[in-house]
1. How far is it, in nm, from the label point at A:Asp179 to the one at A:Lys205 when both lie 7 Å from their Cα along the line to the Cβ?
2. Compare A:Ser386, A:Ser102, A:Ser29 in a GNM of chain A, Cα atoms joined below 10 Å, and give the one with the largest fluctuation.
3. What angle, in degrees between 0 and 90 and rounded to the nearest 10, separates the Cα long axis of helix A:80-89 from the longest principal axis of the Cα atoms of chain A?
4. State the percentage of accessible surface on chain A attributable to carbon and sulfur atoms; use a 1.4 Å probe and exclude ligands, DNA and RNA.
5. Looking at segment A:342-428, what % of its DSSP beta bridges pair antiparallel, to the nearest 5?
6. How much accessible area per residue does chain A have, counting only protein heavy atoms and a probe of 1.4 Å, in square angstrom?
7. List every residue whose amide H lies under 5 Å from the amide H of A:Ile344, counting only residues 5 or more places away in sequence or on a different chain, with H placed 1.01 Å from N in the peptide plane.
8. Assuming 0.36 nm per residue, please report the length gained on full extension of the stretch A:Leu288 to A:Ala240 beyond their Cα-Cα distance.
Amino acid sequence: MKIQSVKGTRDFYPPVMAVRNFILDGWKSASLRNGFEEYDGPIFEYLKMYQVKSGDEIVEQLFNFTDRGGRHLAIRPEITPTLARMVNQQINSLPRPIKWFSIPRLCRAERPQKGRLREFFQWNVDIIGSESILADAEVIYCTIDYLRSLGLTSKDIKAKISSRKLLAAFLLDIGIAADSLESLYPILDKKPKLPEDAFVEMLGKAVEDDGKADTIKKFMELSDISEIAGLFNPGEEAKAALQELSDLMDILGQMSVGDYCVFDPHIVRGLAYYTGIVFEIHDAANSLRAVAGGGRYDNLLGDFGGPKVSGTGMGMGDCVLEILLSEKGLLDGQLPTKNLDYFIACLDTDLQGAALELTAALRHAGFATDFSYKATGLKKQLKQASAANSAICVIIGTEYKEKSLFLVKDMKTSGQQLMTKEQVIQAAK
RNA sequence: GUGGAUGUAGCUCAGCUGGCUAGAGCACCAGGUUGUGAUCCUGGGGGUCGGGGGUUCAAGUCCCCUCAUCCACCCCA
C-alpha cells in the first residue's frame, strides 16, 4: 500500500532540509544578536485557548482532537496565546522589557496555495512590558536586520508601516462613530486588492456621508506622514499618534534601515487586537503575500487573564520567505548537506582495520569523519570525499602497508604528505 | 466552501490528428586494465502512463467517474 504525504505538508529531503536550516538558523542568530531570548511551549494546547480572541471560522481552520481524558485540544496554529499564557504565569518575576523569540512549527487546516501550507515554521519576536516606541522600532529593526543579512536590499523588500492608533483617531476626528470602526478596518485592509471603484462602492456602503468617505479615501492614498496634516484637524490622540509614527521613522533611520521603511496607510491588519504601530514586510513587486507582519497589542495579556501590559511583536513564516529567496537567487549556492573534516579512503580490504582505527580516533577528537565501506578504486573514493565536501582525504594504501604512514590529501589545494597516525590527529587540532 | 489547470522513470518533461517491445535530459549504479577529485565515453537498473470503467481490431492518446496535486477566490492569527 502506497501512502503519500498529507496535503499541505512537506518532506524535507537533505537538500531541502539544508534550506530549512539556513532559514531557521538565520532567524535564531538574528534574534540572539538583537538581544532576544528563546522560549517555546507545547505543540498542542486547549482548544479554547484559540477561541478566546477569534470566532468559529478560525476554529474550523484548526487541527483539533479530543484526548482519552476527554480534553478538547488543538495543534497550535500560532504561538502568541502560548506566549501570553507563559508570560502571565510569571509576569511579576520577569525583568522588563521581556524580549523573547520563538521558532515554532505550526499547523493550520487551511487550503494550501502558493506561500501557504498546512504545516510551517514561523519566527516570532515579541517585546512585552514596554510602551516605548523604541520597542516597536526594535521589532522592525530585527526583522529587517535578518532579511538584510540574507542579501535582500531595500529594492527587494519594503517594511510598510502604519498606526492603528492614528487611523482610529483620524476616523473619530472626521466624525465616524466609534462603534463602526471595527467594521471599517477590514474594508480598508482590502483596498490594495480591490479595483478602485469596488473599494469606493464598499466604502460608500459603510460610510454614508460622501464627504467623509472621500476624506477616508484620500487618507488611504497618502504616501508620506507629512501630508496628513492638510487632510483633517488632528485632535490630541491623532497628534500623539502622528508624533509616534514620525519618531519611529526617525529611529529606524538612525538604525540604518530607513530606506527599507515606508509609511503605508493600507496596512491595517485584520486582527482586532492590534492597537498601535502595525507593519508588514512585502516584496517590492508586491506579487507575493506578506513575508512578515506585526504590531503593538495592548490587551493581549489581559485577554488571557493577565494584567494590562503592553507588547509589540512580529511573525514571519518560512513559506513565502523561501519563495522570495529562491526568486531572488539567494539560495542558488546549493547549500551543503554534508561537510566532512575527514574522509578516509582505504585501498585494500586488509587495511580496513587501520581505517576504522583512524576514523574512530578522529571522530573521538570531534572531527566529522566518514569512510567508504568498500575498498574500491581511489578515484571513486576521492569522488566520494569530494561529494561530501571533505576538507581532507586520508589515503591508506601501500605506504601504510610498508611504513605505517597515511597519505594526507588537502582537497582544496590538492597537496598531500605522508604522516603517522599521531601526526594526522595532531595536525587536525 | 467556489472556480480553473495538471497527473507519463527518483526529478524536469516529450509523446502530433488513437497504431509495433513507452522516450529524452538530469540523478543513480557498474565499467573505461594495479593509486588521484573535472569533463568525456560505454553499459545498466528503474514506469500497473494517478486509479476505475467505457468506446475501438487497437487507448498514454477519445468519453465518463474517481482520487491527488497545483493556482486563484473566501479567509489569513
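1. 2.1
2. Answer for the Gaussian network model of chain A: A:Ser386.
3. Approximately 90 degrees, to the nearest 10.
4. Working: 10920 of 21770 Å².
Carbon and sulfur: 50 percent of the exposed surface of chain A.
5. Details: 8 of 16 bridges.
The answer is about 50 percent antiparallel.
6. Values: 21770 Å² over 429 residues.
Result: 51 Å² per residue.
7. So A:Ile344 has HN proximity to A:Asp370, A:Phe371, A:Ser372, A:Val394.
8. Values: separation 48, 0.36 × 48 = 17.28 nm, distance 3.34 nm.
Gain on extension, A:Leu288 to A:Ala240, equals 13.9 nm.
The values are calculated or read from the model by the stated rules, or taken from the named source; none is laboratory data. Not measured: the values here are computed from a predicted model. Ideal geometry is used to build each Cβ from the backbone, glycine not excepted, and the neighbour counts take in all protein chains shown. What goes into the accessible areas is simple: the full protein's heavy atoms, side chains included, and nothing from ligands, DNA or RNA. Shrake-Rupley method; radii C 1.70, N 1.55, O 1.52, S 1.80 Å.
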